[in-house]
1. List, please: which pairs have Cβ atoms under 7 Å, are six or more places apart or on different chains, and start with a residue in segment 220-244 that is of a type in the set (Lys, Arg) and end with one that is crowded, with 20+ Cβ neighbours inside 10 Å?
2. Quick check on segment 196-214. Is at least one of its residues among the polar types (S, T, N, Q), in a strand (DSSP E or B) and out of contact with any Pro (no Cβ under 6 Å at 6 or more places or on another chain)?
3. Please work out which residue is nearest to the chain's Cα centre (by Cα), limiting yourself to segment 113-148 and to residues that are outside any helix (DSSP H, G or I) and hydroxyl-bearing (Ser, Thr, Tyr).
4. Pick from segment 1-15 the residues that are of a type outside the set (Val, Ile, Thr), modelled with pLDDT of 95 or more and touching a Ser or Thr at 6+ places or on another chain (Cβ under 7 Å): which of them is farthest from LEU201 (Cα to Cα)?
5. What are the residues in segment 132-152 that are touching a strand residue (DSSP E or B) at 6+ places or on another chain (Cβ under 9 Å) and more than 18 Å from ALA87 (Cα to Cα), if any?
6. Enumerate the pairs (first residue in segment 68-89 and without any contact (Cβ under 8 Å) to a residue 40 or more places away in the chain; second residue anywhere and part of a strand (DSSP E or B)) with beta-carbon separation below 9 Å, excluding pairs fewer than 6 apart on the same chain, so at least 6 apart or on different chains.
7. Restricting to segment 209-245, what's the tally of residues that are at positive phi, surrounded by fewer than 24 Cβ atoms within 10 Å (Cβ to Cβ) and modelled with pLDDT of 95 or more?
8. Hey, any hits in segment 257-264 for a residue that's over 17 Å from the mean Cα position of the chain (by Cα) and over 22 Å from PRO192 (Cα atoms)?
Amino acid sequence: MGGDSFPITDHHIHIDPRNGRGIDAAKDFRRSGGTHLFLVSKPSSSFGILPSRGEDFLPVFEETLSVARMISETGIVVYPVLGVHPAEITRLLDLFPLERAVEIMKGGISLAARFVADGAAVGIKSGRPHYEVSQEIWDASNDVLSYAFQQAGEVGCAVQVHAESGPCADMQRMASVAGLSPDRVVKHYAVPGTPLVPSLLATHPDIPELAGSGREFMMESDYMDEHSRPGAVIGPRSVPRVTTRLLALGRIDSEAVHRIHVATPSRVYGVDIVL
């Protein structure tokens, strides 16, 4: 099932030959029925980089795109998503004042937007810390996120948001004010109650109920592909295995599978997911 008969898409996954299993993990995804994946750039720390300007994110993005090409050779369709992890602000504040840290992060997002404009990537990654920070850092992080929404609006792409657990409902207005349609804002590692487009971990218990209600959402593994954290968050086989199991058990139907793995990501990212 999957693969040979219908598309199965992992909406948020990392494949990292430098620090993890690399292409072998991608092949596991493919053997389990996975056909399409959104390859998300990792933090600059994964590459031993502490950026001092936006252009310093270039090696991170170039390696992500190189890995995407390698994965494509296995028969998987890859959609790169590039951007700046919101936790970068904490690292940057070890060396730079807050204003400069914000400037560096915005520079990285601007660089990611140029890759989208050139057709090399399909979306921008941004967000705000998912851990407790001061009000000053919170406000600065929202400034960076608003800039990501603005850049996405200008180049016509979606934004994957990495943020605190919860609905993040304020981001709807943030996106609108910045010139980005809120229906192109995706909450990575989402809770069902978000008004943004949810990307749910494949093991989320509410998937059958939400699928049955006709709710628009995507599925992800958030697989990190790091030898130091094997299997985190869940493995690369998870999205195809869970999808085919739920379908076989009658807990979701083929219409829901198409909505989750084809219709929703195609609409949000402006791509054409077909076998």
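The values are calculated or read from the model by the stated rules, or taken from the named source; none is laboratory data. All figures in this text were calculated on a predicted structure; none of them were measured in a lab. Backbone-built Cβ (ideal geometry, glycine too); neighbour counts: all protein chains shown.
1. Partner pairs satisfying both residue conditions: ARG237/PHE29; ARG237/SER32; ARG241/SER32.
2. yes
3. In this case the residue turns out to be SER126.
4. So, considering only residues that are of a type outside the set (Val, Ile, Thr), modelled with pLDDT of 95 or more and touching a Ser or Thr at 6+ places or on another chain (Cβ under 7 Å), the one farthest from LEU201 (Cα to Cα) is PRO7.
5. Result: GLN151, ALA152.
6. These pairs meet every condition: ALA68/LEU39; ALA68/VAL78; ALA68/TYR79; ALA68/PRO80; ARG69/VAL78; SER72/VAL78.
7. 2
8. Looking through segment 257-264, none of the residues is over 17 Å from the mean Cα position of the chain (by Cα) and over 22 Å from PRO192 (Cα atoms).
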